[in-house]
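Note sheet for the following structure.
The values are calculated or read from the model by the stated rules, or taken from the named source; none is laboratory data. This structure is a prediction, so every number in the text was calculated from the model and none was measured. We place every Cβ from the backbone using ideal geometry, glycine too, and count neighbours over all the protein chains shown. Just so you know, the surface numbers come from the protein's heavy atoms only, side chains and all, with ligands and any DNA or RNA stripped out. Shrake-Rupley method; radii C 1.70, N 1.55, O 1.52, S 1.80 Å.
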Amino acid sequence: MYQSPRRLCSALLHRDAPGLRRLPAPGLRRRSPPPAAPRLPAASAPPARSCPRTVCSMGNGTSRLYSALAKTLNSSAASQHPEYLVSPDSEHLEPIDPKELLEECRAVLHTRPPRFQRDFVDLRTDCPSSHPPIRVMQWNILAQALGEGKDNFVQCPVEALKWEERKCLILEEILAYQPDILCLQEVDHYFDTFQPLLSRLGYQGTFFPKPWSPCLDVEHNNGPDGCALFFLQNRFKLVNSANIRLTAMTLKTNQVAIAQTLECKESSRQFCIAVTHLKARTGWERFRSAQGCDLLQNLQNITQGAKIPLIVCGDFNAEPTEEVYKHFASSSLNLNSAYKLLSADGQSEPPYTTWKIRTSGECRHTLDYIWYSKHALSVKSALDLLTEEQIGPNRLPSFNYPSDHLSLVCDFSFNEEPDGLL
């Protein structure tokens, strides 16, 4: 039976509403849902957004987008039918207005508090540029399977982790800052959420899953998590791309990276953008160090010995005191960490990029970085971090913020072209 795009859009949004039962995909056996965890009294739901309760279509473009998404398989179907996990040809997808999608997300999030206010800090130097800056976002978005099944965020209510709303919080953050390049870790909803949505916003995406993702140990998972890299096709042309499985002491590991050489369409300048996620946990410092050395060697080859400017984004799972951090800071690739520039002396990393409470206790660490070629690139501005007051006593994730890691966003511009650089 024919359904108008508007009705399909409304059906999708109401399907995601709490308390409504989903129908299984055709031909699949329905699974009984796991029992809901008790809600913790320590983290009650904050005041709702001031938004009307009636959900309405925000325009034909958005309705067409959600019409396509409404036909995708649910999580259990996707994991059982990998043949559906094929990226659609973005050239045949109608574009969507990001403002309309943002309104759709906010309509879904009408019962949640408004997103935190974060401001960009102007870091402009005396280096002029005749071309618009390149905005890069780095973010570990928290894999859904890990958030619900493994990470034990004891102060986060289970309702705050529901994917139907948390995905809209993630999209709201991305849409608010409109990055030209998006580097993500812990992505376990690439094919059913981020690729179809972001491709209609003009992005080209690449996904590289971990070989043995811990998400696969979680019941009702959505497949493996991994790194994803997106760039705006109207600003950049892909020159080459490499999926890198990191090694440590000659052994292949479970951690990965993506490195792509892009060419700016405005200036014809080339640069390399890379995203990675190194091994987690205390006791694995030497392992992370070896992974970092392997990544640096790969990037040395890809950038032709630092002739091509480089930006490296990642969750390194390492404080600035670790060896892997020191390897990047002293590399022959001549890298600097962008977020050091927010400090008073320009030499200190932020006090935290992740802050959470688990059964083992409270964890506040600086683990996420955006490295860049300081001889070829300048940081024009950087998005300030959330304050302790904004984060709140129950830390992250929360009803306000969808991940246990903060997003990092920087605006870059090319320096005057040095000799020998592409």
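Which of (1) of a type in the set (Phe, Trp, Tyr); (2) outside any helix (DSSP H, G or I); (3) open to solvent by 10 Å² or more (accessible area, probe 1.4 Å) does residue 191 not meet, given it meets every other one?
If we test residue 191 against (1) of a type in the set (Phe, Trp, Tyr); (2) outside any helix (DSSP H, G or I); (3) open to solvent by 10 Å² or more (accessible area, probe 1.4 Å), just (2) comes out false.
Is there a residue in the stretch 128-141 that is farther than 28 Å from residue 245 by Cβ, among the charged types (D, E, K, R) and in contact with a helix residue (DSSP H, G or I) (Cβ under 8 Å, 6 or more places away or on another chain)?
Here is the first cut: in the stretch 128-141, the ones farther than 28 Å from residue 245 by Cβ are 128-133, 135.
With among the charged types (D, E, K, R) added as a condition, the list becomes 135.
Applying the additional criterion that residues be in contact with a helix residue (DSSP H, G or I) (Cβ under 8 Å, 6 or more places away or on another chain) yields 135.
For the stretch 128-141, residues farther than 28 Å from residue 245 by Cβ, among the charged types (D, E, K, R) and in contact with a helix residue (DSSP H, G or I) (Cβ under 8 Å, 6 or more places away or on another chain): present.
Does the stretch 256-286 hold any residues that are farther than 21 Å from residue 151 by Cα and among the small types (Gly, Ala, Ser), and which are they?
Within the stretch 256-286, the first condition is being farther than 21 Å from residue 151 by Cα, and the residues that meet it are 257-275, 286.
Answer for the stretch 256-286, where residues must be farther than 21 Å from residue 151 by Cα and among the small types (Gly, Ala, Ser): 257, 259, 267, 268, 274.
Is it true that some residue in the stretch 313-332 is surrounded by fewer than 18 Cβ atoms within 10 Å (Cβ to Cβ) and modelled with pLDDT under 95?
no
Is at least one residue of the stretch 295-314 over 21 Å from residue 240 (Cα atoms) and in contact with a Leu (Cβ under 9 Å, 6 or more places away or on another chain)?
Filtering the stretch 295-314 for residues over 21 Å from residue 240 (Cα atoms) gives none.
No: zero hits.
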